[in-house]
Amino acid sequence: MATFEGPALRRALDGISGILVTPFDADDTVSPAPLAPVVDRAVEAGVHVLVANGNTSEFYGLREQEAVRMVQVAAECVAGRVPLLAGVGRSVHEACALARASRLAGADALMVHQPPDPFVAPRGVAAYVRKIAEAGEGLPLVLYLRNDNIGLAAIEELCRIPGVIGVKWASPTPLVLAEAMRRTADLGLAWVGGLAEVWAPPLYAVGARGFTSGLINVLPERSVAIYDALEAADYAGAMRLIGEMLPFEELRAQENNGANVTVVKAALQMMGNDCGATRPPSAWPLAAGQHERLHALMSGWGLAR
């Protein structure tokens with residue numbers, strides 16, 4: 001059963017939401033064991049929330065039962081130390097099945113991926129979220145919005161669905177975010193920067209708090225230091241810390257963002273915490289030049305073995 005609820009969960013969502021990788025073995029089978037040290041490092045560093053089945057988890061590359069297994073494994077590794085969000089999405093029936101399985105596994109809330117369907121009606125998205133809320137049987141919902149194309153009226157409607165407690169805003173549109181926050185100010189929602197550390201300062205500037213992070217799999221202490229600087233309104237300090245990890249994020253953005261998880265998993269291999277390869281259509285392995293740049297960066301951080 002869920003461990004965190006109410007004010008404790010709401011406070012945690014204002015912090016760092018760390019998106020966990022999904023480990024695979026040499027046969028491309030889910031291999032849970034390597035996740036434990038990733039989770040332990042993140043919790044010990046002070047990451048506030050952990051997320052299974054997010055994009056850094058290669059959610060869209062997982063079969064439904066693999067996604068179920070990973071939320072179960074994540075819950076076992078987290079062991080109630082911090083809130084666990086479980087990503088749900090794809091077809092409405094898959095999303096509802098995963099919502100039910102995530103509740104049984106002990107997830108504290110559901111993170112609802114924005115539907116990738118090429119034909120998405122704003123009212124259809126609202127129906128989609130309501131069905132997931134029903135399947136989750138009371139588990140709180142965090143909306144994951146990768147773009148704001150559905151429009152502010154639809155976004156407000158989604159936010160007002162019973163059970164929604166927060167939004168991960170992953171669109172580089174801070175002014176639209178500010179208007180969405182203004183329209184829903186009466187709800188007390190958590191508005192989380194969904195574009196990781198690099199975009200956290202401008203999203204903080206309009207009122208978002210906390211941010212998502214894939215870096216936490218590798219160097220959670222840096223993510224926490226950035227968070228602490230932002231919370232202290234030390235924007236110069238935050239920008240300096242972000243600048244030092246920017247080469248990591250720039251590598252992740254290569255190949256049309258197809259190296260995003262590749263860089264994280266390659267870095268974990270360099271640390272001796274091998275979580276396997278990424279699945280197509282992600283880029284794997286790193287190209288020679290990318291590998292050299294990543295190894296130099298990891299060596300400079302004292303993390304490469």
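The values are calculated or read from the model by the stated rules, or taken from the named source; none is laboratory data. Note that the structure is a prediction, hence the values are computed from the model and not measured. Backbone-built Cβ (ideal geometry, glycine too); neighbour counts: all protein chains shown.
Of the listed requirements (1) farther than 22 Å from M70 by Cα; (2) in contact (Cβ under 8 Å) with a residue 24 or more places away in the chain, P118 misses just one: (2).
Contact map, region 97-111: residues that are at negative phi and crowded, with 21+ Cβ neighbours inside 10 Å paired with residues that are among the small types (G, A, S) and in a strand (DSSP E or B), Cβ distance under 6 Å, separation 6+ or inter-chain. Pairs shown: S102/A86; A107/A86; L110/A86; M111/G87. Of the helices (runs of 4 or more DSSP H) that lie entirely inside region 147-266, those containing 1 or more residues that are closer than 25 Å to G302 by Cα span 196-205, 220-231, 235-252. The set of residues in region 56-95 that are assigned to a loop (DSSP other than H, G, I, E, B), closer than 24 Å to V43 by Cα and touching a residue at least 12 places away in the same chain (Cβ under 8 Å) comprises T56, S57, E58, G80, R81, V82, P83.
Of the residues making up region 59-67, not a single one is closer than 30 Å to G207 by Cβ, surrounded by fewer than 24 Cβ atoms within 10 Å (Cβ to Cβ) and out of contact with any His (no Cβ under 9 Å at 6 or more places or on another chain).
Kindly check whether there is at least one residue in region 28-44 that is in contact with a strand residue (DSSP E or B) (Cβ under 8 Å, 6 or more places away or on another chain), modelled with pLDDT of 95 or more, closer than 24 Å to E197 by Cα and surrounded by fewer than 22 Cβ atoms within 10 Å (Cβ to Cβ).
Step one: filter region 28-44 for residues in contact with a strand residue (DSSP E or B) (Cβ under 8 Å, 6 or more places away or on another chain), giving 30-31, 39, 42-43.
Narrowing further to those that are modelled with pLDDT of 95 or more: 30-31, 39, 42-43.
Then keep just the ones that are closer than 24 Å to E197 by Cα; that gives 39, 42-43.
Right, trim to surrounded by fewer than 22 Cβ atoms within 10 Å (Cβ to Cβ) and you get 43.
There is at least one residue in region 28-44 that is in contact with a strand residue (DSSP E or B) (Cβ under 8 Å, 6 or more places away or on another chain), modelled with pLDDT of 95 or more, closer than 24 Å to E197 by Cα and surrounded by fewer than 22 Cβ atoms within 10 Å (Cβ to Cβ).
The set of residues from region 7-23 being in contact with a Pro (Cβ under 9 Å, 6 or more places away or on another chain), farther than 18 Å from T212 by Cβ and not in a loop (DSSP other than H, G, I, E, B) comprises just one member, A8.
Determine whether I150 is buried (at least 18 other Cβ atoms within 10 Å of the Cβ) and closer than 19 Å to V92 by Cβ. Here the answer is yes, as I150 does meet what is asked.
State whether one or more residues within region 221-243 are under 28 Å from Q290 (Cα atoms), surrounded by 15 or more Cβ atoms within 10 Å (Cβ to Cβ), among the aromatic types (F, W, Y) and modelled with pLDDT of 95 or more. Yes, because at least one residue in region 221-243 is under 28 Å from Q290 (Cα atoms), surrounded by 15 or more Cβ atoms within 10 Å (Cβ to Cβ), among the aromatic types (F, W, Y) and modelled with pLDDT of 95 or more.
A single member of G210, G188 is in contact with a strand residue (DSSP E or B) (Cβ under 6 Å, 6 or more places away or on another chain), of a type outside the set (F, W, Y) and at pLDDT 95 or above, and it is G210. Scanning region 8-19 for any residue that is out of contact with any strand residue (DSSP E or B) (no Cβ under 9 Å at 6 or more places or on another chain), within 26 Å of W169 (Cβ to Cβ) and small (G, A, S) turns up at least one such residue. Among the conditions (1) more than 30 Å from A205 (Cα to Cα); (2) over 18 Å from the mean Cα position of the chain (by Cα), T262 misses just one, which is (2).
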